[in-house]
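The values are calculated or read from the model by the stated rules, or taken from the named source; none is laboratory data. Given the structure is predicted, the values throughout are model-derived calculations rather than measurements. Cβ sites come from the backbone with ideal geometry, for glycine too, and all protein chains shown count toward neighbours.
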Amino acid sequence: MAQEIAPPTPNQMDPGTPLAADAPQLGVAARIAKFPPLVLTSLTFIFLVLFVFVAAPLLAPYHYTTQDLLNRLKPPAFLGGPAQYIFGTDELGRDILSRLMYGIRFSMFVAILATIIGAVLGSFLGFVASHLRGWVEESIMTLVDVQASLPFMVIALAVLAFFSNSFILFIAVLGINGWENYARLTRGMVLQAMGHGYAVAVRSLGMTPLRLYARHILPNIASALIVQFTLNFPQTILLETSLSFLGLGIQPPLTSLGQMLGAGRAHLLLAWWIALFPGFTIVLITLSISIIGDWLRDRLDPTLR
Amino acid sequence: MKLIAIKIFRAGITIWLVVTIAFLILRLSGDPLESLVGDDASQQVVEYYRQKYGFDRPLYHQYLSYFANVLSGDLGVTLQEERNALEVVLEAIPRTLELGFLSLALSLIIGIPLGIVAALHRNKLIDRFTMSFAVLGFSVPNFFLGILLILLFSLWLRLLPSSGTGTFYHLIMPAITLGTSSAGSIARFARSSMLDVLNKSYMRTAAAKGVPRFRRFAWHALPNAAIPIVTIIGFRLGDLVAGSIVTETVFAWPGVGRLLVNAVQTRDLAVVQTILLMVGATMTLANLMVDIAYGWIDPRIRTSADADRK
């Protein structure tokens with residue numbers, strides 16, 4: 001692997017940075033080896049989580065609803081519990097490891113989907129605001145201000161209370177969280193980009209606005225949007241796990257990391273492992289993504305600091 | 001002055017939007033009569049209630065009277081005790097404020113010195129250590145930190161009560177739980193704002209003319225670095241409100257947050273609505289105050305604050 005020369009990628013995210021242009025062409029493995037160790041650890045962990053997210057049904061020794069009523073509240077195998085339940089069992093004798101894997105699967109699924117919804121919605125509205133200007137821009141930016149000034153959790157709880165909870169509504173609510181950051185960012189950067197030479201040039205050549213935005217401006221602002229994505233993603237995970245923890249998010253028999261933690265709260269004294277394993281998983285996921293996000297921000301977008 | 005007028009106008013619009021959103025989700029969530037009268041209610045009964053609550057009138061009419069009710073403090077009655085929802089919420093507020101103020105104070109007392117120390121030892125071991133601590137602080141979710149504390153101090157060490165209220169000891173763990181994430185982000189923010197100031201030319205001038213190190217930091221750098229820190233407190237308020245929902249539930253602290261969660265679980269819409277409106281109004285006013293305070297502390301803002309929106 002190390003001898004392979006990476007193809008000279010035309011670094012689409014940010015053609016202006018000297019990083020790709022100046023650095024000598026290194027092999028992929030050599031490049032990855034140059035990452036800071038903490039970032040490398042975080043990346044490894046996130047890949048592991050993504051692997052579990054994809055392959056949970058294959059990896060999990062049991063289904064997340066399989067009960068073993070003779071083996072309830074058993075401690076993890078390394079603390080003297082039965083050998084077939086590595087992380088112990090919960091109050092219905094369900095395997096914690098399997099539930100953890102499925103919990104990762106559901107939590108990640110919800111968080112990824114919701115973050116994408118927020119990113120697409122926000123960026124789109126940002127483009128609309130900067131294209132149409134006038135009262136449309138004013139209204140969108142007022143909405144941005146409104147959302148930014150209110151703790152979203154309260155709105156989310158209100159919506160979930162008024163409409164009865166459903167999986168689709170839950171994802172939609174989580175998706176609305178955070179759109180305002182993308183909208184503000186996109187609008188600001190599009191307005192800035194429109195003043196740059198390349199945008200002026202392409203526009204005076206008669207390119208349609210849609211093509212100009214999609215082909216020229218979007219690739220230029222994508223790096224900042226990706227950084228925003230990594231900032232937003234842990235927040236979405238935290239919102240999902242908080243709501244599920246409160247019993248207002250993902251409903252049983254489905255499971256998620258927050259829901260497991262909330263359910264494990266009742267058995268804290270007898271079986272701390274029910275709550276602690278999903279809890280530490282949440283911490284490690286959000287921590288890893290924050291570390292990667294910080295690092296990406298420093299690399300991709302020095303102006304954001 | 002003109003700027004303050006614009007800000008007040010914006011705040012007014014925000015509050016109006018919140019009320020409208022509350023009205024809309026209240027109406028969109030289904031026929032209010034369905035939950036009020038049973039499925040087998042006769043047509044007459046339905047008509048009676050329809051007229052009594054004004055659901056027979058056009059929507060804009062309902063909207064206006066809803067608005068009037070909100071302004072006069074009539075936000076409906078609670079499901080359980082048929083009490084005025086506003087009253088029930090107001091009763092819970094002091095508890096939440098108690099917890100909120102203590103944890104905010106805690107996070108400032110811990111966060112600001114940590115950030116400053118980190119900035120003064122930039123890229124040294126102390127900096128790395130405090131910043132890792134800060135990142136960890138706001139990566140650990142409230143509910144998990146609360147559970148860890150309960151497990152450690154209540155169940156294993158048996159030092160502190162795990163839930164409820166009454167003595168100062170009951171307040172310790174909730175305040176730590178709520179304050180930790182704020183402390184982390186305040187530390188990070190204080191560090192970067194201190195670093196910004198340390199790189200300014202007037203700091204170099206001060207060093208060049210021989211101002212002692214401590215005086216340089218305390219007299220030249222700190223006042224300038226304090227300005228952005230004031231705004232972060234405004235931002236943290238929203239997180240404190242959101243965090244108190246979870247924290248109060250974990251520790252069974254009888255504040256607004258736990259009231260909200262209970263109300264959502266029992267679908268007590270009057271209470272949910274009241275809290276939504278109240279949080280909306282409070283947050284908007286708080287942001288307005290932070291904005292005004294910001295301009296007052298830093299005269300430069302008064303003349304150039306609107307530039308970033310253009």
Q: Examine the stretch B:144-160 for a residue that is touching a residue at least 12 places away in the same chain (Cβ under 8 Å), under 19 Å from the mean Cα position of the chain (by Cα), in a helix (DSSP H, G or I) and within 14 Å of chain A (Cβ to nearest Cβ), and state whether such a residue exists.
A: yes
**Q.** Residue within the stretch B:165-177 that is within 12 Å of chain A (Cβ to nearest Cβ), part of a helix (DSSP H, G or I) and closer than 30 Å to A:GLY264 by Cβ present
**A.** no
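Yes/no matrix, rows are residues, columns are (1) of a type in the set (Ser, Thr, Tyr); (2) over 23 Å from A:GLN228 (Cα atoms); (3) in a helix (DSSP H, G or I):
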site: A:VAL120; (1), (2), (3): no, no, yes
site: A:TRP135; (1), (2), (3): no, yes, yes
site: A:GLN147; (1), (2), (3): no, no, yes
site: A:SER164; (1), (2), (3): yes, yes, no
site: A:TYR182; (1), (2), (3): yes, no, yes
site: A:LEU191; (1), (2), (3): no, no, yes
Q. What tally of residues in the stretch A:254-281 results from selecting those that are touching a Gly at 6+ places or on another chain (Cβ under 7 Å) and within 8 Å of chain B (Cβ to nearest Cβ)?
A. 4
**Q.** Scope the stretch B:253-277; condition more than 8 Å from chain A (Cβ to nearest Cβ), of a type in the set (A, V, I, L, M, F, W, C) and surrounded by fewer than 24 Cβ atoms within 10 Å (Cβ to Cβ); matching residues
**A.** B:ALA270, B:LEU277
Q | Residue match in the stretch B:282-298 (condition: away from chain A (no Cβ under 11 Å), closer than 28 Å to B:GLY184 by Cβ and outside any helix (DSSP H, G or I)) | A | yes
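Kindly establish whether B:ARG216 is more than 18 Å from B:LEU106 (Cβ to Cβ), surrounded by 13 or more Cβ atoms within 10 Å (Cβ to Cβ) and at pLDDT below 85.
On the way: more than 18 Å from B:LEU106 (Cβ to Cβ): yes; surrounded by 13 or more Cβ atoms within 10 Å (Cβ to Cβ): yes; at pLDDT below 85: yes.
Yes.
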**Q.** Odd one out for A:GLY293 among (1) part of a helix (DSSP H, G or I); (2) at the interface with another protein chain (Cβ under 8 Å from one of its Cβ atoms); (3) touching a residue at least 60 places away in the same chain (Cβ under 8 Å)
**A.** (2)
Q) Do you know which residues across the stretch B:93-133 are surrounded by 20 or more Cβ atoms within 10 Å (Cβ to Cβ) and farther than 17 Å from B:ILE186 by Cβ? A) B:ARG95, B:THR96, B:LEU99
Q: Consider only pairs whose beta carbons are under 8 Å apart and that are at least six residues apart or on different chains; among these, list those whose first residue lies in the stretch A:51-72 and is over 28 Å from A:LEU270 (Cβ atoms) and whose second residue is β-branched (Val, Ile, Thr) and modelled with pLDDT of 80 or more.
A: A:PHE53/A:ILE104
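I'd like to verify a number: residues in the stretch B:92-124 that are over 18 Å from the mean Cα position of the chain (by Cα) and either touching a residue at least 24 places away in the same chain (Cβ under 8 Å) or assigned to a helix (DSSP H, G or I) (or both), how many?
Adding up the residues that qualify gives 12.
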Q: Output the residue which, of all residues in the stretch A:115-160 that are facing chain B (nearest Cβ under 10 Å) and in contact (Cβ under 8 Å) with a residue 60 or more places away in the chain, is surrounded by the most Cβ atoms within 10 Å (Cβ to Cβ).
A: A:LEU157
